[in-house]
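Here's the structure we're looking at; comments come further down.
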Amino acid sequence: MGDRLKARKSKNCFFPFTRNSTDGACFDHHKFFSSKHTMEEEFACSRCKRKFTVPTKITTYGCCECQGVSKSISGYKQLRENSLGAKFFDQDQLHNAAGYSSSLLSTTMTANKRAVLCGVSYSRRRYRLKGTVNDVVNMNSLLVENFAFPIQSIRVLTEEQKDPNLIPTRRNIVESLKWLVKDCQLGDSLVFYFSGHGMQQPADDKEDEIDGLDETICPVDFIREGMITDNEINSTIVEPLKKGVKLHAIIDACHSGTTLDLMHVYKKDNGSWKWMNNNPSSTEPVTKRTNGGTAICFSACEDSQLAADTAAFGGKEMNGVMTYLLTKIIREHPGITYASLLEKLHEDIAKIQRSKHFSGFLKRIFHRRIDQDPLLSASEEFDVHTRILF
């Protein structure tokens, strides 16, 4: 279980999740309740509403009746204050939490959960994006609040960071991807999130891609240093995944459908959802596999499509359409499955496209309606009706 340990069943019928132990042993419930740690509060499961008496120090509970995961408000407030102080997403604290200090990296290397969140704004450039930092803040919040990611295990790259190592340059993004999978082991849950520009370029090996094009993500310095191709992303964070390690990627960019070059895509074909082979037909089929682990990717659109920012969600702030909807849906539907999330994304994006508030930026450039169909891809086919658990 890594740093997240389950308790044995007790008369209170809950499993507390802690963040400090790394030995994988069972949590001693009776020892905990008899120790000096425990101030208690009454707590109700968010799913089945069964009430427990629980220690305030623990922030996240798994109900053994319905298997739902709930958070203690008082416990989480204490954790948040201890970790981040008064402001939850103060940039200095994100910088400190995601920094490169040896003492911090020695801690995060043993973590059961680890994430790299990258938002590229391309500030002071004509192709600037306005919603990417909002997207990173939104995704960071989702991982911490809904999936119990320790803030120290999340590395954030934006142009607002003060540490030059955390600016989303090509070098820093690649190094962060290497950090993400370094020493990964059984039980690890990894997340790579990218919000920024995506492009396509002719593939060096035409037999490597069905359409003959490599998908790319664009670092802030891509004009000078070059883009990061799907082949490079695959070899850096997909191939090293060991057995029992799961990687989730969320790519909110244009042409992002197969940015991780995964061999299977789940999409609608002739009105029905099904898995389809993404392996190009050739005399020697290309096979890109993990080292026994699993890679799953939610992309903002298919390879041939464009993704967009919008202010359609109220207020003046811009957001990536897929990021905003994905985080909103998961928060509103705890325990949602992969299939249900993908279907709801399609439904909600269709509503946004019909809205008069839909961002006119790309429409003015391309003079046509933008189609954006989120895509699910994976290193191997799996049951999409299982719940999402980052």
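The values are calculated or read from the model by the stated rules, or taken from the named source; none is laboratory data. This one's a predicted model, so the numbers in the text were calculated from it and none came from an experiment. Every residue, glycine among them, receives a Cβ derived from its backbone with ideal geometry; neighbour counts consider all protein chains shown. These accessible areas exclude ligands, DNA and RNA; they are computed on the full protein's heavy atoms, side chains included. Shrake-Rupley method; radii C 1.70, N 1.55, O 1.52, S 1.80 Å.
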Largest-first ranking of L342, L129 by accessible area, probe 1.4 Å, whole protein assembly kept, is L129, L342
Normalised by the number of residues in segment 141-245, what is the relative contact order in percent for Cα pairs under 8 Å and 6+ residues apart?
27 percent
Result for segment 153-255: accessible area per residue, probe 1.4 angstrom, in square angstrom, of 38 Å²
Where labels lie 7 Å past Cα in the beta-carbon direction, separation of E343 and R331 in nm
2.4 nm
Among the listed pairs K243/K351; K246/K267; K242/K274, which are separated by more than 31 Å between their Cα atoms?
K243/K351
Quantify, in whole percent, the carbon and sulfur part of the accessible surface of segment 160-241 (1.4 Å probe; protein heavy atoms only).
51 percent
Extension reserve of the N165-D204 stretch, reckoned as 0.36 nm per residue once the Cα distance is removed:
11.0 nm
Using only protein heavy atoms and a 1.4 Å probe, report how much of R128 is accessible, in Å² to the nearest 10.
130 Å²
With every protein chain in place, what's the accessible area of Y324 (1.4 Å probe, Å², nearest 10)?
60 Å²
Two pseudo-spin positions, 7 Å from Cα along C-beta at S235 and at N277, lie apart in nanometres by 2.5 nm
